[in-house]
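**Q** For reference, the structure I am asking about is given below.
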Amino acid sequence: MSPLTRKSRGFAGERIIEVPKETVDKCSSMALISSLYITRMGFYPKALYHYYQRPVGISQVIFLYCTDGQGWLQLAKDRIIIQAGEVFAITPETPHSYGADTENPWTIYWFHFSGTQCHDVVRAIMEERSNSPHTVRVPYSDDRIALFDQMFDTFLKGYSTSNLLFANLTIPYFLSSFILPENFQKEIVSSGTITPTNRAILYMQNNLSSSVTLDNIAQSVNLSTSFFSRKFRQDTGYAPIEYFNHLRIQRACQLLHFSDFRINEVASQLGIDDPFYFSRLFKKQMGVSPAEYRKSEGIQRRM
């Protein structure tokens with residue numbers, strides 16, 4: 001039996017963030033977030049045929065929140081039905097499988113997270129609010145979903161220190177909405193001023209399929225190349241093109257998950273004509289080649 005089996009046919013509106021290995025390693029050494037940080041997150045709406053089997057589990061906590069439909073979770077001899085409004089957290093290294101109901105497939109928001117407080121989080125959510133292994137029920141909240149979207153959109157902007165801190169410092173508050181739903185209140189978040197760095201990141205996001213140069217990015221915010229480069233690195237901790245490549249590889253992960261593109265076609269979608277350069281860039285960030293990444297996720301696509 002393979003260590004991981006995954007089945008799906010893709011879900012309209014699906015979203016996923018795969019945090020690069022080097023960034024995960026960085027989070028594990030950052031004092032403010034090393035206790036709890038996200039390694040993957042996603043949203044699968046009406047996820048018909050969604051199915052995972054992990055005979056030896058994984059090294060992170062898996063957090064599943066169902067908002068519509070239903071699915072099932074198998075832990076040893078316990079088969080648990082997860083319905084809309086219910087949440088379940090799976091501890092690290094726990095063998096399991098789960099999937100969507102074939103008649104009424106679930107819509108789920110999910111996370112993988114790691115850190116020194118992982119087991120404490122699972123205990124707080126599961127053992128203190130339910131008679132394990134039963135699910136925990138919470139009232140639906142638009143504010144909770146808004147927090148999820150905020151974390152997701154922060155990661156989409158790249159992996160600067162400020163983005164990592166903001167997204168990962170938000171996760172405890174998000175989880176508190178399940179631990180103490182009666183105390184959960186709306187948080188008003190200001191969009192703030194659109195800075196040249198933010199405008200540059202938006203330009204990058206809108207041009208992931210193009211061969212963008214440093215001059216192109218600087219011109220998009222009406223700054224000289226040298227001044228813009230210094231300012232951007234000061235604000236994000238990354239050189240502009242390095243940051244752009246992080247966004248490209250994040251998009252590549254999504255294409256490898258949710259499209260039938262071959263590896264060279266994924267590269268082409270990102271404005272990269274040389275598939276060997278793309279593979280080297282991908283492996284540098286993710287720790288594995290695009291083909292190995294696709295294989296490790298159990299994704300059956302054309303190679």
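So that you can scan it fast, the table gives a plain yes or no per residue for (1) of a type in the set (S, T, N, Q); (2) assigned to a helix (DSSP H, G or I); (3) at pLDDT below 90:
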position	(1), (2), (3)
Phe113	no, no, no
Thr116	yes, no, no
Val121	no, yes, yes
Met126	no, yes, yes
Pro133	no, no, yes
Pro139	no, no, yes
Arg144	no, yes, no
Asp149	no, yes, no
Phe152	no, yes, no
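**Q** Let me ask you something else. Out of Ile217, Ile241, Ile194, Ile249, which single residue is free of Cβ contacts under 8 Å to residues at least 24 places away in the same chain and of a type in the set (Val, Ile, Thr)? Walk me through it before giving the result.
**A** Numbers: Ile217 fails: free of Cβ contacts under 8 Å to residues at least 24 places away in the same chain; Ile241 fails: free of Cβ contacts under 8 Å to residues at least 24 places away in the same chain; Ile249 fails: free of Cβ contacts under 8 Å to residues at least 24 places away in the same chain.
Of Ile217, Ile241, Ile194, Ile249, the one residue that is free of Cβ contacts under 8 Å to residues at least 24 places away in the same chain and of a type in the set (Val, Ile, Thr) is Ile194.
**Q** Let me ask another. Would you check which residues across the stretch 217-245 are farther than 22 Å from Lys26 by Cα and β-branched (Val, Ile, Thr) and list them? Talk me through it step by step, then tell me what you get.
**A** Going residue by residue through the stretch 217-245, those that are farther than 22 Å from Lys26 by Cα are 217-231.
Those that are farther than 22 Å from Lys26 by Cα and β-branched (Val, Ile, Thr): Ile217, Val221, Thr225.
**Q** Further, regarding this structure: Being loosely packed, with under 15 Cβ neighbours inside 10 Å and either in contact with a helix residue (DSSP H, G or I) (Cβ under 8 Å, 6 or more places away or on another chain) or at pLDDT 95 or above (or both) narrows it down to one of Glu18, Glu22, Glu14, so name that one.
**A** Sole residue among the options that is loosely packed, with under 15 Cβ neighbours inside 10 Å and either in contact with a helix residue (DSSP H, G or I) (Cβ under 8 Å, 6 or more places away or on another chain) or at pLDDT 95 or above (or both): Glu22.
**Q** Please go through the stretch 23-36 and pick out each residue that is within 21 Å of Val288 (Cα to Cα) and touching a residue at least 60 places away in the same chain (Cβ under 8 Å).
**A** Of all residues in the stretch 23-36, those within 21 Å of Val288 (Cα to Cα) come to 23-28.
Matches in the stretch 23-36: Thr23, Val24, Lys26, Cys27, Ser28.
**Q** Restricting to the stretch 45-72, name every residue that is under 23 Å from Tyr159 (Cβ atoms) and either among the aromatic types (Phe, Trp, Tyr) or touching a helix residue (DSSP H, G or I) at 6+ places or on another chain (Cβ under 6 Å) (or both). Walk me through it before giving the result.
**A** At the first step, the residues of the stretch 45-72 found to be under 23 Å from Tyr159 (Cβ atoms) are 58-63.
Val61, Phe63, listed by residue number.
**Q** Output the residues belonging to the stretch 164-180 that are at pLDDT below 95 and more than 15 Å from Phe63 (Cβ to Cβ).
**A** Leu180, the sole residue that qualifies.
**Q** Among the residues of the stretch 94-107, are any closer than 30 Å to Phe232 by Cα and either modelled with pLDDT of 95 or more or among the charged types (D, E, K, R) (or both)? Before the answer, list the steps.
**A** Of all residues in the stretch 94-107, those closer than 30 Å to Phe232 by Cα come to none.
No: the stretch 94-107 contains no residue that is closer than 30 Å to Phe232 by Cα and either modelled with pLDDT of 95 or more or among the charged types (D, E, K, R) (or both).
**Q** Check every one of the helices (runs of 4 or more DSSP H) wholly within the stretch 157-266 and list those with 3 or more residues that are of a type in the set (Ser, Thr, Tyr). Give the steps one after another, and end with the answer.
**A** Working: elements: 161-179, 196-206, 214-220, 225-236, 240-258.
Hits in the stretch 157-266: 161-179, 225-236.
The values are calculated or read from the model by the stated rules, or taken from the named source; none is laboratory data. Because the structure is predicted, anything quoted here is derived from the model rather than measured. In this analysis, Cβ positions are derived from the backbone assuming ideal geometry, glycine residues included, and neighbour counts consider all displayed protein chains.
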